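The values are calculated or read from the model by the stated rules, or taken from the named source; none is laboratory data. Everything quoted here is computed from the prediction, not taken from an experiment. A quick note on method: Cβ atoms are made from the backbone with ideal geometry, for glycine too, and the neighbour counts reach across all protein chains shown.
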Amino acid sequence: MLDQSRESETQFMNEVTTIGRIHHIHLVRLLGYCFEGCTSALVYEYMANGSLDRFIFGSTGGGQIPNWDQLYSIALGAARGIAYLHNECHSRIIHFDIKPHNILLDEEFTVKVADFGLAKLSGRRDDHVSMTAARGTPGYVAPEVWSRNFGPVTDKSDVYSFGMMLLEMVGGRKNVDVQASHSSQFYFPDSAIKLLERGELRTRLRERDLSDAEEARARSLTKVGLWCIQYNSRDRPSMMRVLQMLEGDADDIPNPPIPFDARLRPALFSASEESSSIAIEAA
């Protein structure tokens, strides 16, 4: 059920026209909608396990994903859904709001990417999309979406959001923790790249030692996540390349460079605790 604001009405119609024309095992299925009088509603297939954030953040009514193989399977399913939007639809669809809250899970933990209210279509030959306002959720939004100083907006903006989500899956926490007791714990991607460089993922994640197989999964997800959040969009892989890396061996994934500029990070992530999707005028 949606509220009656003008913004929600626009997002509602965008959702119906976007999701109504596409079908994929890893995209949520729209069963129907109502837009009459004071009632605005979207009817989706029922997802018994709710959204991914319930599990990785341990919120009320949720729990931890049982194992790293399941985390990996969820990451792979989400990547396949996003890659379909970018490469296999008649028009390229950029989601613009990839985050754990929009990754839904059915009774078998099959992934369904949801919430296309902020999505934008672009031609297959277009190398970027034009935007007059930033869109997305703080903490997951790519730098170029906030400010054109970082370059044009492309489907690599979704890649950035996917990478931020991957790192939250690895850490079992939000990337930004304003209540962290140590400054080194404030921004998890900082910690992730240090753990990767030092070979300490096995002993420092989730407060227990990982098995060889779990460490390989964690290393793969961490490497891919850090590649995805490179500040310069040209340095990020495409979603098809992300799929190839996830489907391959962790040792075959090149070590990523430091993905962020510490001088710019505070301005871009100061609002990361905000959970709602927004659309504001870009700089």
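The residues of the stretch 220-234 that are modelled with pLDDT of 95 or more and among the charged types (D, E, K, R) amount to a single one, Lys223. If His90 passes every condition in (1) buried (at least 19 other Cβ atoms within 10 Å of the Cβ); (2) in a loop (DSSP other than H, G, I, E, B) but one, which one does it miss? Only one criterion is unmet by His90, namely (1).
To keep it simple, each residue is scored yes or no on (1) within 21 Å of Leu121 (Cβ to Cβ); (2) surrounded by fewer than 17 Cβ atoms within 10 Å (Cβ to Cβ); (3) at pLDDT 90 or above; (4) among the acidic types (Asp, Glu).
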| position | (1), (2), (3), (4) |
| --- | --- |
| Ser8 | yes, yes, no, no |
| Gly20 | yes, yes, no, no |
| Arg29 | yes, yes, yes, no |
| Glu36 | no, yes, no, yes |
| Thr60 | no, yes, no, no |
| Ile74 | no, no, yes, no |
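Of the helices (runs of 4 or more DSSP H) lying entirely inside the stretch 147-253, those containing at least 2 residues that are surrounded by fewer than 21 Cβ atoms within 10 Å (Cβ to Cβ) are 188-198, 201-204, 212-228, 239-247. Restricting Leu76, Leu85 to those that are part of a helix (DSSP H, G or I) and either acidic (Asp, Glu) or out of contact with any strand residue (DSSP E or B) (no Cβ under 7 Å at 6 or more places or on another chain) (or both) reduces the list to Leu76.
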